[in-house]
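Before any comments, here is the structure.
The values are calculated or read from the model by the stated rules, or taken from the named source; none is laboratory data. Just so you know, these numbers come straight off a predicted model, no measurement behind them. Because the Cβ atoms are built from the backbone with ideal geometry, glycine has one as well, and the counts that use them run over all protein chains shown. Keep in mind that these areas ignore ligands, DNA and RNA; they rest on the heavy atoms of the full protein, side chains included. Shrake-Rupley method; radii C 1.70, N 1.55, O 1.52, S 1.80 Å.
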Amino acid sequence: MNELITRQLLFDFFEGKATSMQRKLIEQWLENSENEEQYYSCLDEWERAHPQLLIDPEKPQLKYDRLLEGEILPEKRTELSFSQNNIWLTMKRPLLGMLAAAAVFTLAFVFRSELMYKSFESPAGHFISFYLSDSTEVTLNSNSVLKVPRFGFGKDVRQVRLTGEADFKVTHQKDNLRFEVWMDGGYRIEVLGTEFNAFSRARGKRVFLTKGKVKLNLPEGKEVYLSPGNYFTADAKGSFKVVIPEEPLAITAWKEQTFYFDDATLTEVVEQINERFAVRIRIADRELAARKIGGIYQAKDPDELLEILSALFDLEITRAADEIELRTPKKQDL
């Protein structure tokens with residue numbers, strides 16, 4: 001067991017006595033599936049020592065003794081049946097209590113993320129801005145989620161979890177408390193006080209630094225440091241590079257509800273539309289998917305951008321219940 005996660009700490013957690021920092025440590029410890037067996041072993045030990053329903057066996061026994069002595073005179077058959085039910089309930093209730101307690105803790109474990117974190121979610125096609133408890137400003141791109149500790153930041157680190165895209169203006173703390181952005185796939189951004197844009201979706205990870213300094217922790221223990229103007233990109237397979245973009249505005253164009261395409265393929269264009277508006281667009285033709293486009297386009301919904309693409313590429317757009325298909329119109333023989 002991790003030296004910080006002791007048997008007594010887990011017992012305090014089960015009893016609701018653990019602090020927010022201790023709960024966070026336990027949550028991080030449970031992210032390793034190898035620790036689940038130890039967790040449930042301690043849970044079983046604690047439940048055995050702390051039954052959720054205590055039964056006093058003396059009271060039903062006294063009542064039964066009085067019945068035998070004739071002090072209670074109901075019909076014998078009825079009273080015996082009632083006493084037998086009492087004995088059965090006396091045996092059954094502790095078991096039911098333990099099962100109920102186990103069910104509660106199982107649910108708490110399954111939904112621990114919802115219990116430990118508060119989620120900020122931006123709807124499709126719109127972005128939202130808000131401040132965290134440490135005065136850090138966050139602008140969350142559409143169709144994105146930022147999870148923040150429900151009980152406040154700990155004393156050692158300010159930690160949030162991002163799925164989607166967000167722009168951060170992190171405040172520097174007097175005690176140099178680190179600010180971390182956790183992303184899927186083992187990527188973690190670590191800063192003290194800086195401004196950057198972070199992207200974490202299925203097709204890759206991206207970080208663009210505008211001010212300050214950023215340390216990136218990558219899968220397999222790799223580390224990358226960024227300076228202002230650096231743009232880190234990693235594809236879905238983990239291959240990454242750091243460049244200085246020719247047009248930085250293209251990275252944060254979403255904050256103006258615009259799309260900035262610089263010699264982008266139609267496949268890349270469709271990926272951005274799908275991500276921002278939570279739609280499903282498919283390109284039927286390979287040649288069409290490879291065609292390229294440039295320019296700045298403002299669109300508040302997918303239909304506006306599809307109309308532009310239809311005019312530029314002479315597309316045939318077919319709509320179904322859950323999918324939009326783009327294809328090149330078939331040429332009619334004369």
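A few points about this structure:
- Residue check for residue 281: at pLDDT 90 or above and open to solvent by 20 Å² or more (accessible area, probe 1.4 Å): no
- Cβ pairs under 6 Å, 6+ apart, first in region 195-212 and on the phi > 0 side of the Ramachandran plot and among the small types (Gly, Ala, Ser), second in a strand (DSSP E or B) and at pLDDT 95 or above: 204/234
- Selection of strands (runs of 3 or more DSSP E) fully inside region 165-266 by the criterion of at least 1 residues being surrounded by 14 or more Cβ atoms within 10 Å (Cβ to Cβ) and β-branched (Val, Ile, Thr) returns 178-183, 187-191, 204-211, 214-217, 223-226, 231-235, 240-243, 258-265.
- Checking each residue in region 1-25 for being in a helix (DSSP H, G or I), closer than 14 Å to residue 38 by Cβ and more than 23 Å from the chain's Cα centre (by Cα) picks out 7, 8, 9, 10, 11, 14.
- Restricting region 125-138 to residues that are part of a loop (DSSP other than H, G, I, E, B) and over 14 Å from residue 179 (Cα atoms), the residue that is least open to solvent (accessible area, probe 1.4 Å): 125
- With respect to the conditions (1) in contact with a helix residue (DSSP H, G or I) (Cβ under 7 Å, 6 or more places away or on another chain); (2) modelled with pLDDT of 95 or more, residue 149 falls short on a single one, namely (2).
- Count - residues of region 248-267 that are over 18 Å from residue 311 (Cα atoms) and free of Cβ contacts under 8 Å to residues at least 40 places away in the same chain: 3
- Some residue of region 28-37 being of a type in the set (A, V, I, L, M), buried (at least 17 other Cβ atoms within 10 Å of the Cβ) and either under 23 Å from the mean Cα position of the chain (by Cα) or modelled with pLDDT under 75 (or both): no
- Within region 267-278, the residues that satisfy the criterion of being more than 16 Å from residue 317 (Cα to Cα) and open to solvent by less than 40 Å² (accessible area, probe 1.4 Å) are 275, 276, 277.
- Taking first residues from region 125-153 that are closer than 15 Å to residue 196 by Cβ and partners that are β-branched (Val, Ile, Thr), the Cβ contacts under 6 Å between residues at least 6 apart in sequence or on separate chains come to 136/170; 136/171; 140/128; 146/160.
- Complete set of residues in region 139-163 that are over 24 Å from residue 277 (Cα atoms) and either touching a His at 6+ places or on another chain (Cβ under 6 Å) or surrounded by fewer than 19 Cβ atoms within 10 Å (Cβ to Cβ) (or both): 150, 151, 152, 154, 155, 156, 157
- Members of region 295-321 found to be part of a loop (DSSP other than H, G, I, E, B), among the hydrophobic types (A, V, I, L, M, F, W, C) and touching a residue at least 40 places away in the same chain (Cβ under 8 Å), listed by number: 299
- Tally of residues being closer than 20 Å to residue 260 by Cβ, over 32 Å from the mean Cα position of the chain (by Cα) and open to solvent by less than 30 Å² (accessible area, probe 1.4 Å) across region 296-327: 2
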